[in-house]
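The numbers here are math on the coordinates, done by the rules we state, and not lab data. Please read all numbers here as calculations on a predicted model, not as lab measurements.
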Amino acid sequence: MFQLDLLSRTPVYEQIINQLESFVLNDILTPHTQLPSVRGLSVELSINPNTIQKSYSELDHRGIIYSVPGRGCFISEDAKSILSNLSRSKLSSLEDLFSELKVAGVTKDEIKTIVDSVYEKGAKL
């Protein structure tokens, strides 16, 4: 399920968070789907259970998952909408980036070409 790069500069717990969020956005994990247990996932990935617990705690804090004592962690009903709203909030920083690119001499057509290319390839997270 998870593909971890132990040599990456991105901490392992963030890689787990990012991949799980990607699974939700791409409908691989749907609301109320149970996540692997902390212990089971730590054995499967050969990493410390505290690392997985840190990921799950952060996802719970963000409202992406919820936990049921004695049963485990599950994808929340609102997970996809929460993640979509977070992504949409990045539009203002994108506008700032476009302004910088315009000042640097990058043309509108160059930006459109890149945007079209990204949308043709599909989602890549």
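Can you give the angle from 0 to 90° between the axis of helix 91-103 and the longest principal axis of the chain, with both taken from C-alpha atoms, to the nearest 10? The angle comes out at about 30 degrees. When semi-axes √(5λ) of the Cα gyration tensor in Å is calculated for this entry, the matching label among (i) 26, 16, 13; (ii) 20, 18, 14; (iii) 34, 17, 13 is (iii).
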